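The values are calculated or read from the model by the stated rules, or taken from the named source; none is laboratory data. All values reported here derive from a predicted model rather than from experimental measurement. Reconstructed Cβ throughout: ideal geometry from the backbone, glycine too, with neighbour counts over all protein chains shown. Note: areas computed on protein heavy atoms with side chains; ligands, DNA, RNA excluded. Shrake-Rupley method; radii C 1.70, N 1.55, O 1.52, S 1.80 Å.
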Amino acid sequence: QVQLVESGGGLVQAGGSLRLSCAASGHTFSTYTAGWFRQAPGKEREFVAAISRAGSTTNYADSVKGRFTISRDNAKNTVYLEMNSLKPEDTAVYYCAAKYSTVVKLIPAWYDYWGQGTQVTVSS
């Protein structure tokens, strides 16, 4: 079992930055693939970024490529999402997810563990 707790969300103006953190507990997090997803009101949960367990492989949604950076610090059992040049369309609840695996996938249903989410609101 892995417990995930996100933090770092908030209200920011367009063009601003936020850094989300996802703290994991309960197991050896360095053996888990991790991902960030988001869900806006009335929309499906969508993939944002994912990172392999050692951090050597990352994937990004086209909509955030070049603006967001996923990283992890396994010594701290934490995954980060650095978000720059934020746009109003980035407004959503952001979720951290994890799965015990050696590969990286982008589908929400593949992940076994989820955090409670953190709200990100970008004003225009």
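Structure notes:
- Filter pass, Ala40 being small (Gly, Ala, Ser) and under 14 Å from Gln116 (Cα atoms): no
- Of all the numbered requirements in (1) out of contact with any helix residue (DSSP H, G or I) (no Cβ under 8 Å at 6 or more places or on another chain); (2) under 16 Å from Leu20 (Cβ atoms), Asp62 misses one, and that requirement is (2).
- Here Ala34 fulfils each of the conditions (1) outside any strand (DSSP E or B); (2) open to solvent by less than 70 Å² (accessible area, probe 1.4 Å) apart from (1).
- Selected residue (only one of Asp62, Asp73 is within 15 Å of Ala98 (Cα to Cα) and either small (Gly, Ala, Ser) or out of contact with any Ser or Thr (no Cβ under 8 Å at 6 or more places or on another chain) (or both)): Asp73
- In summary, Gly8 fulfils each of the numbered conditions (1) in contact (Cβ under 8 Å) with a residue 12 or more places away in the chain; (2) out of contact with any Leu (no Cβ under 7 Å at 6 or more places or on another chain) with the single exception of condition (2).
- So Ala50, is it buried (at least 18 other Cβ atoms within 10 Å of the Cβ) and either aliphatic (A, V, I, L, M) or not in a strand (DSSP E or B) (or both): yes
- Within segment 64-92, residues that are of a type in the set (S, T, N, Q) reach partners that are outside any strand (DSSP E or B) and crowded, with 19+ Cβ neighbours inside 10 Å with beta carbons closer than 9 Å, at six or more positions or on different chains, in the pairs Asn74/Phe29; Asn74/Arg53; Asn77/Phe29; Thr78/Phe29.
- Hits in segment 1-17 (condition: open to solvent by 30 Å² or more (accessible area, probe 1.4 Å) and touching a strand residue (DSSP E or B) at 6+ places or on another chain (Cβ under 8 Å)): Gln1, Gln3, Val5, Ser7, Gly8, Gly9, Leu11, Gln13, Ala14, Ser17
- Answer residue from segment 18-31, given it is at pLDDT 95 or above and either among the aliphatic types (A, V, I, L, M) or open to solvent by 60 Å² or more (accessible area, probe 1.4 Å) (or both) and is farthest from Lys76 (Cα to Cα) among those: Leu18
- Restricting segment 1-47 to residues that are of a type in the set (Ser, Thr, Tyr) and under 23 Å from Thr57 (Cβ atoms), the residue that is nearest to the chain's Cα centre (by Cα): Ser21
- When segment 37-47 is limited to residues that are surrounded by 19 or more Cβ atoms within 10 Å (Cβ to Cβ) and hydrophobic (A, V, I, L, M, F, W, C), the one that is nearest to Lys76 (Cα to Cα) turns out to be Phe37.
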